[in-house]
Amino acid sequence: MKNRPKQATQYEQGRIYKKPGLPPGTLVFTGKRKVQQTMLHITKFDDDDVKRELITNGDVSRIHHGSRMTWIDVIGIHDVSVIEQIGLKYGISNLLLEDILDVDQVPKYMDLDNGNFLSFQSFSYDKTSQNIIKEQISIFFTETVIISFQENINDTFQPIHERVDNSKSRFRSRMPDYMAYALIDLIVDKYNEATQYFEDKIEELEYKIETNPDKALKQDIFKFRREFINFLKTITPIQEAIIKFKSSTSESIKLETKIYLADLLDHAQHVSSLADTYNEMIYALYDLFHAELNYRANGVIKTLTVISTIFIPLTFIVGVYGMNFNQMPELRWKYGYPAVWIFMVLFTFATLIYFKYRKWT
């Protein structure tokens, strides 16, 4: 462990990327470090009580299990050595540990000989920064132990902890398969929060297009489109993962949990339907943007056309009478000058009235 070779390079604000050609099972954290040290939140379910423990130094040997079930929430997966120790303790292969550390994994479910493995992308809306926060959540569970992995320390699982603390909650009598369902259900609920953000953002961009379709707005639309694509590409895989989870023949997954998973699949399909709708609306933003630009350009051209239609005849008249030939009788007429002005003013008003009647202005 001490002589571990350099396997990755730093890039883009702390983001680490794996070098190509590394052997399968090589453990490299590919995300951004968001906590100073790895923390293990231990929740032990006994017959009559729930106990909590926090291990801040990553000492896996200090983990003790409850008599019925134990939930280990790992915060800070950047410490590869701690993740490796957890893998050794619970029989998680390096191939799965590699997936846990690679934060760009596609949502998946795997039925293993010694447990079950799930990996999902969590999308949540941060009201402070008004941005979508993406976080990979990995889950490994057996009949008595469930382990969740994430890098960011936030309130992602806070609703679950509150339900656990409620003495009347069903969590007191549930097993890890139900806990895994509850965690995924929470992730899917946060997908709904993300869809609300995308809907509000689309409405905001539509308003800006109608009021000020400038170059900066075009860049905002492209940026928003890329942000949505990251969300969209996880929708179908998460449905497939839930279907595999529901169809698993693992003895650690109870029939009652599969009923809940069927309902969860309906929620995921609803999110997928919304995402498809928003995808079409985002594509329509491009058309709306260019249509608004064309409309404004046509307005400018129409205005210039009206001005030209009015002033070209006036310019012709002024040009003719600016030649000052003696043979022009109007030059010696004492009412010639005011007559020309009266004619030009009447012509201008008549032209404007005509354009107004034809609804050109």
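Test of understanding: in a Gaussian network model of the chain with alpha carbons linked when under 10 Å, which of Phe120, Phe140, Phe171 would top the mean-square fluctuation ranking?
Fluctuation is largest for Phe171.
Given points 7 Å out from each Cα along the Cα-Cβ axis, report the Gln158 to Thr351 separation in nanometres with one decimal.
6.7 nm
Using the Cα centre of region 139-289 as the reference point, and only Cβ charges (+1 on K/R, -1 on D/E), how large is the resulting charge dipole? Debye, rounded to the nearest 20.
Values: 18 positive and 26 negative charges, 101 e Å.
Magnitude of the dipole: close to 480 debye.
Assign unit charges at the C-beta atoms only (+1 for Lys and Arg, -1 for Asp and Glu), then state the dipole size of the chain relative to its Cα centre in Debye, rounded to the nearest 20.
Numbers: 43 positive and 46 negative charges, 336 e Å.
Using only the charged Cβ atoms, the result is roughly 1620 debye.
What is the distance in Å between the Cα centres of region 254-278 and region 124-163?
Between the Cα centres of region 254-278 and region 124-163 lies a distance of 19 Å.
Net charge near Gly58, counting Lys/Arg +1 and Asp/Glu -1 over other residues with Cβ under 13 Å of its Cβ? Let's see the in-between values first.
Details: positive: Arg62, Lys89; negative: Asp59, Asp79, Glu84.
Its environment carries a net charge of -1.
Only one of the values (1) 23, 39, 15, 11, 9, 3; (2) 30, 59, 10, 0; (3) 27, 49, 21, 2, 0 was calculated from this structure for P(r) over Cα pairs in 20 Å bins from 0, in percent; name its label.
(1)
Would you work out if region 198-254 is rounded, prolate or oblate? Take a ≥ b ≥ c from the square roots of the eigenvalues of the alpha-carbon gyration tensor; rounded if a/c is under 1.5, else prolate when a/b is larger than b/c, oblate otherwise.
Details: a/c = 7.19, a/b = 3.96, b/c = 1.81.
Cα axes put region 198-254 in the prolate bin.
Distance in nm between label sites at Tyr321 and Val340, each 7 Å beyond Cα in the beta-carbon direction?
0.4 nm
Helix-only estimate, please: 222 nm mean residue ellipticity of the chain, summing -39500 (n - 2.57) across DSSP H runs of length 4 or more and dividing by its residues, to the nearest 500. Kindly include the intermediate steps, with their values, before the conclusion.
On the way: 8 runs with 183 residues, N = 361.
Helices in the chain give a 222 nm mean residue ellipticity of -18000 deg cm²/dmol.
Within a Cβ distance under 13 Å of Ile253, other residues only, what is the Lys/Arg minus Asp/Glu net charge? Don't skip to the answer; put the middle values down first.
Working: positive: Arg174, Lys244, Lys246, Lys254, Lys258; negative: Asp111, Glu143, Asp177, Glu251, Glu256.
Surrounding charge for Ile253 is 0.
Please turn the phi angles of region 57-66 into ³J(HN,Hα) values with the Karplus equation 6.51 cos²θ - 1.76 cosθ + 1.60 (θ = phi - 60°), one per residue in order, whole Hz, x for glycine and proline.
Coupling constants for region 57-66: 9, x, 7, 5, 5, 7, 6, 10, 9, x Hz.
Using R₀ = 30 Å, calculate the FRET efficiency as 1/(1 + (r/R₀)^6) where r is the Cβ-Cβ separation of Glu210 and Ser273; round to 0.05. Working shown, then result.
Details: r = 27 Å, r/R0 = 0.90.
My answer for the efficiency is 0.65.
Restrict the search to region 120-174; then list the GluC sites (Glu not before Pro) that DSSP places in a loop and that have at most 16 other Cβ atoms within 10 Å of their Cβ.
Numbers: sites: Glu135, Glu143, Glu151, Glu162; in loops: Glu143, Glu151.
Those satisfying the criteria are Glu143.
Over the chain, what is the relative contact order in percent, taking alpha-carbon pairs closer than 8 angstrom and at least six residues apart? Intermediate values should be presented prior to the final figure.
Working: 453 pairs, mean separation 44.2, N = 361.
In percent, rounded to a whole number, it is 12.
Note down the net charge around Phe231, summing +1 for each Lys or Arg and -1 for each Asp or Glu among other residues with Cβ under 15 Å from its Cβ. Please report the intermediate quantities before stating the final value.
On the way: positive: Lys134, Lys190, Lys201, Lys223, Arg225, Arg226, Lys233; negative: Asp104, Asp126, Glu135, Asp189, Glu193, Glu199, Asp200, Glu227, Asp276, Glu280.
Neighbourhood net charge equals -3.
If you average the sequence gap of Cα pairs under 8 Å that are 6 or more apart and divide by the length of region 117-224, what percent do you get for the contact order?
Working: 101 pairs, mean separation 26.5, N = 108.
So the answer I get is 25 percent.
Please work out the average accessible area per residue across the chain, using the 1.4 Å probe convention, and give it in Å². Please list the in-between numbers first.
Numbers: 20390 Å² over 361 residues.
Per residue, the chain has an accessible area of 56 Å².
State, as an integer percentage, the relative contact order of region 135-197 based on alpha-carbon contacts under 8 Å between residues 6 or more apart. Could you put the intermediate results ahead of the total?
Working: 43 pairs, mean separation 19.9, N = 63.
Relative contact order, region 135-197: 32 percent.
The values are calculated or read from the model by the stated rules, or taken from the named source; none is laboratory data. Quantities reported herein were computed from a predicted structural model and do not represent experimental measurements. Counting neighbours? That spans all protein chains shown, and the Cβs are built from the backbone with ideal geometry, glycine included. In case anyone asks, the SASA skips ligands and DNA or RNA and just uses the protein heavy atoms, side chains included. Shrake-Rupley method; radii C 1.70, N 1.55, O 1.52, S 1.80 Å.
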